[in-house]
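Data block below; observations after.
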Amino acid sequence: MEASYQVLEQLYKRILLGTPLENDSQEYAFSLNLPFSTEDLTTADFLKWPCVHHGNQASSFNMATTIASTNSKMNFQVSNPRDIMLLQLTVIKMMITKILSKKMEFSIKKKYNDVIEILLKAYELESKLISTFHGSDKLLSHMAAKCLASLLYLQLREKAIVNKTWTAFCLKTLSNNHESNTVSYCLWTLTAVIKEILKATCLQKAELLKQFLTSFDFLFEVFYDSAFSQQLENYQDMSLNTKIANFFICFFELLEILIASRIHLKLYLTCQRIFYLKIFCTLDIITWPIHSLVKKKFIILMKRCLLHKVGEDVLNTSLPTSIEQDPYLDMDLLTLGNAFLQAVNLGWLKKLSISGKPSHFGGSEVQAGSKSLVPDFVILRASSLVLLKSLEIKVNNCASANEVKAEVQKFMSELLNFLKQQLPSILKLHHHCEWLSKIFIEQDDDMLEATKASLSIYLKLTRACNEVAKGMIQEKETWDHQTHENGFNPHCIFLFLLKNIEFDATVLLDFLISSETCFLEYFVRYLKLLQGESSNFSNVCKLLDTAGLRDGVHISRIVPSRVEERSNNQATHQPLFCGTTYYALLPMASDSTTSGTNMEQKDNHTLKLKQPNLLMHTDNTSSLGASQSLVDYDISEDSEEESLEEECLSNIKQTPLNHQINTKIKEIVSVTREKNQCYLESTARLIDSKKSTFSSFGCEVALNSIASQTVISCKTFKCLKELEKAISRLHKRHLFPYNPSALLKLLKKIDVINKNMNLL
């Protein structure tokens with residue numbers, strides 16, 4: 001046995017170094033043959049396992065003689081059968097990896113191939129690897145699964161065949177119950193093979209994957225239905241609960257990689273569409289007495305499907321731009337969204353538990369007696385975003401304006417009530433539209449996806465209501481009121497976003513440069529909206545200032561006569577928020593702590609958004625020699641608004657920045673941040689009545705300007721102006737990762753709107 005270990009160790013070193021194998025292939029195959037049966041794998045006493053190889057093949061290794069001569073000096077760490085088998089599996093896996101490598105010499109590859117062929121034909125390697133799945137040793141089973149996945153992919157790529165032994169095992173396993181560990185290893189192996197196909201550089205990936213999946217595609221729908229129709233009472237057994245949890249974790253990982261393969265390789269098999277088409281029967285999983293990780297993976301998978309981000313973490317690649325070529329995608333997304341909204345209508349959110357236990361650094365849990373339980377914001381954000389995206393898909397497919405309004409009011413009200421009940425101590429809102437920034441403040445990519453979805457809902461509903469209202473002021477005022485009451489007014493959401501980043505233009509610049517968020521798409525659409533709704537934006541700013549939802553003191557404390565006079569004059573002409581009464585700004589749940597001094601102190605405590613880490617990324621291979629075009633947004637309103645997102649995706653591909661450009665951008669951003677900070681400090685000094693006197697004519701003119709716009713409006717336009725200057729400087733130095741000319745046009749138009757408002 002020790003001699004066998006030494007031979008394997010030498011073979012391992014040769015494969016690791018890539019040196020040629022000198023001995024006969026039969027000898028190497030004999031040393032790599034797995035000698036243990038399924039019964040042996042479950043034996044606790046490793047030293048009593050049989051140590052002779054089975055078969056009639058002659059070999060230069062006489063294992064029985066070696067054991068007899070070395071038994072007295074046997075080392076347990078290197079001589080027990082389990083360690084030898086682990087080393088055998090490791091060597092086999094390395095050998096297959098070298099065969100698949102393009103850097104390996106052909107002669108060495110051929111030797112490795114000969115050894116693997118002998119293991120398959122003479123020693124039935126795949127059958128022995130599968131047999132380890134029935135054992136109790138998880139490490140052996142996992143290593144065997146890795147070897148089997150590599151072996152299946154090798155046969156598929158080199159010979160374009162699917163192993164018959166594996167196919168028979170897979171079909172038999174998927175037809176049985178899901179309470180054994182075997183089915184989990186089967187699903188894991190399937191997932192691993194599909195990952196290898198997707199990561200491959202060969203051109204025939206779609207054909208290979210179709211050939212691999214076709215063999216069990218017809219069975220997958222039956223397997224899917226049976227997986228989510230199991231008896232819940234059996235889950236009270238902890239050991240069985242663990243097996244079921246492992247099964248569903250492997251199953252959701254397989255579903256994710258199947259959906260990713262559909263998107264990347266444009267295949268539309270049943271197994272790749274089943275999650276969309278059968279989502280309704282899976283939604284009850286949140287009520288099962290099962291580990292919370294399973295429920296979390298399920299909700300996150302729904303979110304990724306709706307955001308078209310399936311498989312990004314697994315494959316470390318972004319979605320291809322030709323996603324619109326999928327002929328079934330719109331229909332499948334609508335099916336998924338409708339099923340989820342139907343479940344919400346039946347009380348799905350009320351059944352969802354978001355309670356969690358905080359952990360110390362390193363993962364240790366808080367003491368049992370601790371009362372510092374916190375909600376699971378991962379589930380909270382994901383479920384909220386799934387509802388928003390489902391609602392967006394729903395309203396975009398509604399025929400009538402009344403149907404659109406009814407759907408939005410029903411489900412946004414349901415979401416806000418759910419958040420209010422789950423987070424009574426955290427979600428003390430001054431304004432209903434503030435919920436989005438409070439929930440997503442620590443996850444900027446999800447926050448911007450939610451912001452973009454709410455803007456899309458608003459645009460769809462606005463067009464529908466405008467067609468019905470046809471200039472009727474009363475109808476428009478009612479509609480404006482409902483946007484605030486249901487928490488999706490785009491101007492409020494944008495202002496709360498700016499407030500949370502302290503009106504820092506450099507954060508917006510980071511978002512625009514980063515390819516990790518959808519901020520560019522959202523920002524362009526909002527700037528287009530702002531051009532047509534500048535009066536609504538102004539009203540929102542005034543009411544937010546009046547409600548004290550900004551940093552600093554009220555402008556009325558500085559120049560009360562001017563503000564009161566202006567407010568009185570405007571009150572006779574137009575209502576605040578175009579028909580929205582003041583109660584829309586009150587907290588959702590009455591709480592004395594949200595009024596007076598406490599409310600002002602809370603507003604002064606501003607949370608800082610996590611900034612993208614793009615500027616720290618370096619890539620010396622990137623080039624900005626050819627600036628890519630940004631679509632020109634100066635076209636007709638309706639057609640542009642509908643096709644804007646698609647044009648952005650197809651025309652903008654942001655490139656990583658090399659080290660030299662990265663350094664220059666950081667210098668410019670640093671200067672911009674300093675100037676922006678100086679402006680904010682000067683504004684704070686200007687509006688502080690306790691520290692400033694306004695005797696000079698210049699200060700009085702400045703105050704008149706601030707008072708006419710309100711402070712929050714002044715900060716907003718100043719932030720956008722600083723952003724425009726920063727983008728222009730980067731663009732002139734050819735440091736911006738794409739052509740921002742159209743974006744700069746939009747920002748300049750917003751600056752014109754600002755100047756016109758100052759002249760009023």
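Put in line by how crowded their Cβ is, counting other Cβ atoms within 10 Å and starting with the fewest, GLU221, GLU442 read GLU442, GLU221.
Relative to the current alpha-carbon distance between SER215 and ASN338, full extension at 0.36 nm per residue lengthens the span by 41.1 nm.
With neighbours defined as other Cβ atoms within 10 Å of a residue's Cβ, the residues HIS734, HIS134 order from fewest to most as HIS734, HIS134.
The gain in end-to-end length when the LEU139 to LYS755 segment is fully stretched comes to 214.9 nm, 0.36 nm per residue minus the alpha carbon separation. Note on GLU449, GLU485: ascending count of other Cβ atoms within 10 Å places them as GLU485, GLU449, the fewest first.
Highest mean packing comes first when the peptides 116-128, 147-159 are listed by Cβ atoms within 10 Å, giving 147-159, 116-128.
The simple spin-label model puts a point 7 Å past each Cα toward its Cβ; for SER535 and SER226 those points are separated by 6.6 nm. Tell me, what is the FRET efficiency for TYR268 and LYS102 to the nearest 0.05, using R0 = 25 angstrom and their Cβ-Cβ distance as r? My answer for the efficiency is 0.20. Placing +1 on the Cβ of every Lys and Arg and -1 on the Cβ of every Asp and Glu, with no other charges, gives region 163-232 a dipole of roughly 280 debye about its Cα centre. Rounded to the nearest 0.05, what FRET efficiency do LYS278 and LEU86 have when you use their Cβ-Cβ distance and R0 = 45 Å? E between LYS278 and LEU86, to the nearest 0.05, is 0.70. Couplings 3J(HN,Hα) for region 444-454, derived from phi with the Karplus relation 6.51 cos²θ - 1.76 cosθ + 1.60 (θ = phi - 60°), are 5, 5, 5, 4, 6, 5, 5, 5, 5, 5, 5 Hz, where x marks Gly and Pro. Highest mean packing first, where packing is the average number of other Cβ atoms within 10 Å per residue, the peptides 250-256, 161-167 line up as 250-256, 161-167. With a simple spin-label model that places each label point 7 Å from the Cα along the Cα-to-Cβ direction, the separation between ALA742 and LEU171 comes to 5.2 nm.
A short reminder: the numbers here are calculations on the coordinates, not readings from a lab. Small disclaimer: the values here were computed from a predicted structure and weren't measured. Please note: Cβ atoms are built from the backbone with ideal geometry, for glycine as well, and neighbour counts cover all protein chains shown.
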